[in-house]
1. Which pairs in the list LYS43/LYS112; LYS80/LYS119; LYS80/LYS142 are over 21 Å apart, alpha-carbon to alpha-carbon?
2. Here are some pairs, LYS106/LYS137; LYS53/LYS111; LYS86/LYS137; LYS86/LYS158; which of them have Cα atoms lying more than 30 Å apart in this structure?
3. So how far apart, in nm, are the two label points at ASP76 and ILE32 if each is 7 Å from Cα heading toward Cβ?
4. Run the numbers for LYS116 and ASN140: contour at 0.36 nm per residue of separation, minus the present Cα-Cα distance, in nm.
5. Give me Rg over Rh for segment 28-167, both radii from the alpha carbons and Rh done the Kirkwood way, two decimal places.
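Bear in mind these aren't lab numbers, they're just calculated from the coordinates by the rules spelled out. Worth saying up front: this structure is predicted, and the values here are computed from it rather than measured. Because the Cβ atoms are built from the backbone with ideal geometry, glycine has one as well, and the counts that use them run over all protein chains shown.
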Amino acid sequence: MTKKHLITTVTIGVVILFVSAAIYAKSAPDVIQLQDPAYETHKKGVVNFEHKKHYEVYAKDYPDLYKNGCGECHHDKDNKPLTKLKDGDDVQKCIECHKIASEAPKGKAAKKKLSKKEKIKEYHAEALHENCKGCHKTFNKKYKPKKAPTTCTKCHPKKSGDKDEDEDEKEEKDS
């Protein structure tokens, strides 16, 4: 084998290695459709969560709200922030711990009265809403204008049968 062939072979090998690594490198999706198969149906439109915008843009623009990095949203079974996560790391789906695929029953449908903390721990929708709306409400208290959505239709796209936006705005004022 000549020196020229050896150099060509090594170069091709290195290129293949880098191309393969790029193909198999994991990265968190830019947009995550929050449509968990644990739900038989979704009562409202499915949220398209702009993950990349949150961890790249908002985290840089509002670092005081992202002191725990990815751990602001992602936590362990003891609710401790996962502060060492990096883009592409494996994370558990929320439904793996918040196992009941719904909101907590309200009114007469509730068999027993649960505390807010119990609802969040058990019910998937309660956990997601608390995580998202809680952060958005904190943002809106601290920054003007109030840009972070806190009502149903601002995150859930309209679906036939949804209450209208005026009712949604009233709900926000009442909470």
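1. Working: LYS43/LYS112 23 Å; LYS80/LYS119 18 Å; LYS80/LYS142 24 Å.
As for pairs spanning more than 21 Å Cα to Cα, those are LYS43/LYS112; LYS80/LYS142.
2. Exceeds cut-off: LYS53/LYS111; LYS86/LYS158.
3. About 1.9 nm, to one decimal.
4. On the way: separation 24, 0.36 × 24 = 8.64 nm, distance 2.15 nm.
Stretched out fully, the LYS116 to ASN140 stretch lengthens by 6.5 nm.
5. Using Cα coordinates only, the ratio equals 0.95.
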